[in-house]
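Reading through the structure tokens given below for one structure.
The values are calculated or read from the model by the stated rules, or taken from the named source; none is laboratory data. All values derive from a computational prediction rather than experimental measurement. Positions of Cβ are backbone-derived with ideal geometry, glycine not excepted, and every protein chain shown enters the neighbour counts.
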Amino acid sequence: MGESMSVLDELYREIILKHYQSPKNFGVLPQATKVAGGMNPSCGDQVEVMVRLEGDTIADIRFQGQGCAISTASASMMTELVKGKKVAEALELSKKFQAMVVEGAPPDPALGDLLALQGVAKLPARVKCATLAWHALEEALR
Amino acid sequence: MDFTTLREDFPLIAGRPDLVYLDSAATSQKPKRVLEALDRYYKELNANVHRGAYRLSVAATEAYEEARRRLARFLNAEEREIIFVRNTTEAMNLVAYAWGLRNLKEGDEILVTEMEHHAGLVPWHLVAGLTGAKVKAIPLTEEGRLDLSALDALLTDRVKVVSLVHMSNVLGTINPVAEIARRAKAAGALVVVDGAQSAPHLPVDVKALGADFFALSGHKMLGPTGAGVLFGRYEVLEGMMPFLGGGEMIREVHVDRSTYAPPPQRFEAGTPPIAEAIALGEAAQYLMEIGMERVFAHDRALLDYALKRLAEVPDLKVYGPMGPDRGGVIPFTLGRLHAHDLATLLDGEGIAVRAGHHCAQPLHRKLGLAATARASFYLYNTFEEVDRFVEALLRIHTRYRAWL
């Protein structure tokens, strides 16, 4: 119980809260060239990721939907991180993020603020929340 | 019966003083007697049933049929009206396919409610898609009860079946099934009751309810997973074709055709979950020895105490009707915290609750909620556990005030 409390304290902190309450790049992207949705039928969380590509660069990205703090913060930080990146770079970051939260791989500093979600690896029930938007991003870029 | 010493009957509960298990609406914990019944079957009785050329098989069959008798007593049904299935979901599919598929046609209506579990909706959607029948629903009031003022208008002569949940798995609402069944029958409709939540927690008398079918899951009423029951009124079962075909359910088989055994065997194709059914019989016996009135009274006492104490938690919102027509289920939200985050934080405090839409998306849509957390009680829960639950919520409220 003591250990799990510290995991939670680490996870549920200021930066996650900030993105949960005021998510970045939230809303409709009118000039989107690629759109993909994700849904977790067991909890009802849903997300839609909209991307505007210029060549192979993510010129703009937004998301909308509803979800818990983990899924919303993950989506919000994801949009901040991949905006302006090449498609291949974004997919590489997605791989790194999922390695961190799914397999518990050592965090890569390239993930920036998303390192705050490291603790999710210790909460198997919540891994899907953290990866929901990333799966949608991958689908949109494919 | 002392409900505090009864905890010793449950190995998982007795062995985990750190855990407050408040998710019995999803599945119940199991008493030692049930686990021993499973074990005893495999160690002492293991043989297939209903083909006893030898004494061991006769003994296995006798134990399996004794379980059927116990479930019949539990529901006030006849033995031949008890069909062993896997769970409520399978029971509802059996009714939808074996009865619905052959008796519904285009223009007919299936009347459900807005508080159904998906198991009470999706089988009818599938059969409606095949027959051209339509599914419509009795609406909910704001307090989370069925709006019976709409019933007469909904019960047209096109309605061939009324299928409803006895007790809501989300709100705890106990529906007036007997009254609805009486009105449904007057309109010429068959009555199907999803008893997944009621059978474990309330005294159930299928005859008094006026149910033509009543479905339950064994694992929610102290039994193992893999065995549930469909009660079917004999006159209805007798006129029905089988759901699944195979061994055990036949009378005579030729290469090109077959005839079928009478109910209940007609609906039990293949080797049944023998050990699980026997253990479910033991669970029903355990509950009958305590008395279902007392089980319900205990749930209710915990519910009343919890509702009173939860009022101390700022920003906490509780849903569901506040009258006597409610079992021990509490859906709740805390401020703007998402139900999943709340359940994770409660888990950190050793409190096991469920979060999500609880397989009732239409109900959550009606309430305008994406998800709720849900605490549910059973006979092994205590007032002290309610205190621990409330105190954990108060600590979470203090620690994550900024999130609310």
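Among the residues of the range B:73-93, write down those that are outside any helix (DSSP H, G or I) and either among the β-branched types (Val, Ile, Thr) or without any contact (Cβ under 8 Å) to a residue 24 or more places away in the chain (or both).
If the condition is that a residue be outside any helix (DSSP H, G or I) and either among the β-branched types (Val, Ile, Thr) or without any contact (Cβ under 8 Å) to a residue 24 or more places away in the chain (or both), then B:Ile82, B:Ile83, B:Val85 are the ones that fit.
Have a look at A:Glu48, A:Glu89 and point out the one that is over 10 Å from the mean Cα position of the chain (by Cα), more than 13 Å from chain B (Cβ to nearest Cβ) and under 27 Å from B:His364 (Cβ atoms).
Of A:Glu48, A:Glu89, the one residue that is over 10 Å from the mean Cα position of the chain (by Cα), more than 13 Å from chain B (Cβ to nearest Cβ) and under 27 Å from B:His364 (Cβ atoms) is A:Glu48.
Is it the case that some residue within the range A:83-100 is in contact with a strand residue (DSSP E or B) (Cβ under 7 Å, 6 or more places away or on another chain) and at positive phi?
Among the residues of the range A:83-100, at least one is in contact with a strand residue (DSSP E or B) (Cβ under 7 Å, 6 or more places away or on another chain) and at positive phi, which makes the answer yes.
Do you know which residues across the range A:72-93 are in contact with a Ser or Thr (Cβ under 9 Å, 6 or more places away or on another chain) and not in a strand (DSSP E or B)?
Listed by number, the residues that qualify are A:Ser74, A:Ser76, A:Met78, A:Val82, A:Gly84, A:Lys85, A:Val87.
Residue check: is B:Arg70 in contact (Cβ under 8 Å) with a residue 24 or more places away in the chain, surrounded by fewer than 16 Cβ atoms within 10 Å (Cβ to Cβ), of a type in the set (D, E, K, R) and in a helix (DSSP H, G or I)?
No, not satisfied.
How many residues are assigned to a loop (DSSP other than H, G, I, E, B) and acidic (Asp, Glu) when one looks only at the range B:238-275?
3
For the range A:96-142, what are the residues that are under 18 Å from A:Glu10 (Cα atoms) and outside any helix (DSSP H, G or I)?
A:Gly104, A:Ala105, A:Pro106, A:Pro107, A:Asp108, A:Leu123
Just one of the numbered conditions (1) under 23 Å from B:Thr5 (Cβ atoms); (2) without any contact (Cβ under 8 Å) to a residue 24 or more places away in the chain is not true of B:Tyr305; which one?
Of the numbered conditions (1) under 23 Å from B:Thr5 (Cβ atoms); (2) without any contact (Cβ under 8 Å) to a residue 24 or more places away in the chain, the odd one out for B:Tyr305 is (2).
Taking the range B:1-56 as the region of interest, how many residues are assigned to a helix (DSSP H, G or I) and touching a strand residue (DSSP E or B) at 6+ places or on another chain (Cβ under 7 Å)?
Residues flagged as assigned to a helix (DSSP H, G or I) and touching a strand residue (DSSP E or B) at 6+ places or on another chain (Cβ under 7 Å) within the range B:1-56 amount to 1.
Checking the structure you have, find out if any residue of the range B:344-359 is hydroxyl-bearing (Ser, Thr, Tyr) and closer than 22 Å to B:Thr141 by Cα.
Within the range B:344-359 (the criterion being hydroxyl-bearing (Ser, Thr, Tyr) and closer than 22 Å to B:Thr141 by Cα), the answer is no, since none of the residues qualifies.
Just to be sure, is B:Val170 part of a strand (DSSP E or B) and outside the structural domain of B:Phe332 (by TED's automatic domain parsing)?
no
Need at least 2 residues that are buried (at least 20 other Cβ atoms within 10 Å of the Cβ) per element, so show me which strands (runs of 3 or more DSSP E) inside the range B:288-404 make the cut, counting only ones lying wholly within it.
Result: B:329-334, B:354-356, B:372-376.
Going by what's in this entry, would B:Ile396 be described as over 27 Å from the mean Cα position of the chain (by Cα) and assigned by TED's automatic domain parsing to the domain that holds B:Leu302?
In short, yes.
Please state which of the following conditions B:Glu65 fails to meet, knowing it meets all the rest: (1) closer than 16 Å to B:Ala284 by Cβ; (2) in contact (Cβ under 8 Å) with a residue 60 or more places away in the chain; (3) not hydroxyl-bearing (Ser, Thr, Tyr).
With respect to (1) closer than 16 Å to B:Ala284 by Cβ; (2) in contact (Cβ under 8 Å) with a residue 60 or more places away in the chain; (3) not hydroxyl-bearing (Ser, Thr, Tyr), B:Glu65 is out only on (2).
What is the number of the single condition among (1) in contact (Cβ under 8 Å) with a residue 24 or more places away in the chain; (2) of a type outside the set (Phe, Trp, Tyr); (3) in contact with a Ser or Thr (Cβ under 6 Å, 6 or more places away or on another chain) that B:Ile250 does not meet?
(1)
Per-residue answers, yes or no, for (1) assigned by TED's automatic domain parsing to the domain that holds B:Tyr378; (2) out of contact with any strand residue (DSSP E or B) (no Cβ under 7 Å at 6 or more places or on another chain); (3) of a type outside the set (S, T, N, Q); (4) buried (at least 18 other Cβ atoms within 10 Å of the Cβ):
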| site | (1), (2), (3), (4) |
| --- | --- |
| B:Phe213 | no, no, yes, yes |
| B:Met221 | no, yes, yes, yes |
| B:Pro224 | no, yes, yes, yes |
| B:Met249 | no, no, yes, yes |
| B:Glu252 | no, no, yes, no |
| B:Gln265 | no, yes, no, yes |
| B:Gly270 | no, yes, yes, no |
| B:Ala284 | no, yes, yes, yes |
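From the residues in the range B:1-24 that are in contact (Cβ under 8 Å) with a residue 12 or more places away in the chain, within 14 Å of chain A (Cβ to nearest Cβ) and surrounded by 11 or more Cβ atoms within 10 Å (Cβ to Cβ), which one is nearest to B:Val353 (Cα to Cα)?
Of everything passing the filter in the range B:1-24, B:Asp23 is nearest to B:Val353 (Cα to Cα).
Going through B:Gly172, B:Gly195, B:Gly144 one at a time, which residue ends up being under 25 Å from B:Glu293 (Cβ atoms), modelled with pLDDT under 95 and not acidic (Asp, Glu)?
Answer to the check: B:Gly144.
When residues of the range B:338-396 are filtered for being of a type in the set (Gly, Ala, Ser) and more than 12 Å from chain A (Cβ to nearest Cβ), how many remain?
Of the residues in the range B:338-396, 2 are of a type in the set (Gly, Ala, Ser) and more than 12 Å from chain A (Cβ to nearest Cβ).
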